[in-house]
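This report concerns only the one structure given below.
Readers should treat all values here as calculations from the given coordinates under stated rules, not as data from a laboratory. As the structure is a prediction and not an experimental result, all values here were calculated from the model. Don't worry about glycine lacking a Cβ; one is built from the backbone with ideal geometry, like all the others, and counts go over all protein chains shown.
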Amino acid sequence: MLKAVKVRLYPTKVQQEIIASQFGTCRYIYNRSLALRKFVFERYGKTLAAHDLIKRIAVLKKRHPWLKDADSQALQQSVRHMDEAYRHFFRRVKKGDTPGFPRFKSKHHSRQSYQYPQRIRIDGSKVYLPKVGWVKAKGLRPEFAGKIKTVTVSLEAYRYHAAILIDDGIETVEPSHNGQTVGLDMGVAAVVADSEGVIVDPIDFERELLKLRKCHQRLSRKQKGSKNRQKAKMRLSKQNLRIANMRKDFLHKLSTRYSENQVVVVEELNVKNMTKSAKGTEEKPGRNIRAKSDLNRSILKNGWGMFFEMLNYKTARRGGRLVKVPPEHTSQACNVCGHVSKENRKSQSHFKCGACGHTANADVNAAKNIRDRGMTGYNASQQTAA
Ligand SMILES: [Zn+2]
């Protein structure tokens, strides 16, 4: 099984410079091969494969000798990444989506990275990065040795990290066949409500958001080009990273918990989900009171895609499965009698069926509808498979 571990790196000044030039050359190769592929496709209607583009690197090296300073494996890897992005793009076009065309990588992007696609040595608290040398690291464990598949070096918020992909050679994880199917509703009043009636409260980002606002204010007061502005910028990006990490942590815990079920059913993400916080009860004049919690919620809402990915691989590795169902009317339908009406939803959290009088927490009622929808779909697809 593949596992990713992130360790902090502490490169020396000289090593930092080498890493910076690796970022630059890998980005250059990524952009060059993307441009070439685009050009050849538009001009000749032909698609260059990744190995054709990798061969081109040698030609480029003759023209630009500085490319030789970079690790050639890492350069090839950035071509493969570009290829992946490109193919992912066409897969989505085929499915009828309108994704953005693969973008050129910018020097000014807040996160810089490159990847070594080979086994990399570690020794105690040091990791050997080709062309860079032995770099001090925190979080390495002796058991990583010999199991490393790829290493991604990144710089974000002035911190260096290595994301190490490890193959632990263990093929199966403890399978979960508890036979349970659970539906999850990304609720209005709660972050997640499940069909068992559990309501998960959101984590409170308010203090962190307040700090973030202060970081923004401080930055805006600093003079352009000054050392202090540089420092304020650093604080701001650190705070952003902190919030992102808190969210990731929360979603990891939540997805681990729900992956114990055999089947987890969620709604497909779409426009309805995105505007969900705006409905429920009609907007009242005292909207500002809700503004803060809206912001809090929007942070989590933007993480749903990530949450579903986590759920997907976590259920899969335990022998379970994630099912996505269309979201139409899941919040307006009565789970007992099936009656659908806007009137059923009395408020954000209160559901009362106009036909049979069934009352419930609105998000839990929705989660049950989602579960039932997933179960019918799931059974149907199993039958056709048999
Ligand atoms: Zn009813």
Nearest-ten-degree value, helix 362-385 long axis tilted from longest Cα axis of the chain:
70
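I'd like the chymotrypsin sites (Phe, Trp or Tyr not before Pro) in region 93-149 restricted to DSSP loop residues with at most 15 other Cβ atoms within 10 Å, sorted by number. Kindly include the intermediate steps, with their values, before the conclusion.
Working: sites: Phe104, Tyr114, Tyr128, Trp134, Phe144; in loops: Phe104.
Of the chymotrypsin sites (Phe, Trp or Tyr not before Pro), the ones in loops of region 93-149 whose Cβ has at most 15 other Cβ atoms within 10 Å are Phe104.
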Among Val132, Val191, Val14, which one moves the most in a GNM of the chain with springs linking Cα atoms closer than 10 Å?
Val14
Take every Cα pair under 8 Å in the chain that's 6+ residues apart, average their separations, divide by the length, and report that relative contact order as a whole percent.
17
With Cα coordinates, the longest principal axis of the chain makes an angle with the long axis of helix 72-94, in degrees rounded to 10, of 30
Distance from the Cα centre of region 320-341 to that of region 110-134, in angstrom?
48
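Using 26 Å as the Cα-Cα cut-off, could you pick out the over-long pairs in Lys107/Lys211; Lys38/Lys131; Lys138/Lys253; Lys68/Lys149; Lys6/Lys62; Lys38/Lys94? Before the final figure, lay out the partial values.
Working: Lys107/Lys211 28 Å; Lys38/Lys131 31 Å; Lys138/Lys253 23 Å; Lys68/Lys149 24 Å; Lys6/Lys62 36 Å; Lys38/Lys94 18 Å.
Pairs exceeding the cut-off: Lys107/Lys211; Lys38/Lys131; Lys6/Lys62.
Can you give the helix-only mean residue ellipticity at 222 nm for the chain, where every DSSP H stretch with n ≥ 4 adds -39500 (n - 2.57) and the sum goes over all residues, rounded to the nearest 500 deg cm²/dmol? Don't jump to the answer; show the numbers that get you there.
Details: 9 runs with 173 residues, N = 386.
Taken over the chain, the calculation gives -15500 deg cm²/dmol.
Can you give the charge dipole size of the chain about its Cα centre, rounded to the nearest 20 debye, using +1 on the beta carbon of Lys and Arg and -1 on the beta carbon of Asp and Glu? Don't jump to the answer; show the numbers that get you there.
Working: 76 positive and 34 negative charges, 541 e Å.
So the magnitude is around 2600 debye.
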Gaussian network model of the chain, springs between alpha carbon atoms under 10 Å - residue of Lys346, Lys94, Lys55 with greatest fluctuation:
Lys94
Where Rh denotes the Kirkwood radius from the mean inverse Cα pair distance, what is Rg over Rh for region 2-167?
1.00
Expressed in nanometres to one decimal, the distance between label points 7 Å along Cα→Cβ at Leu36 and Ser125 is 4.3
With a point put 7 Å past each Cα toward its Cβ, work out how far Thr256 is from Lys211 in nm, to one decimal.
2.2
Quick one: if you stick a label point 7 Å off each Cα along the C-beta vector at Val93 and Glu343, how many nm between them?
5.0
Round to the nearest 10 and give me the degree value, 0 to 90, for the angle of helix 227-258's Cα axis relative to the longest principal axis of the chain.
50
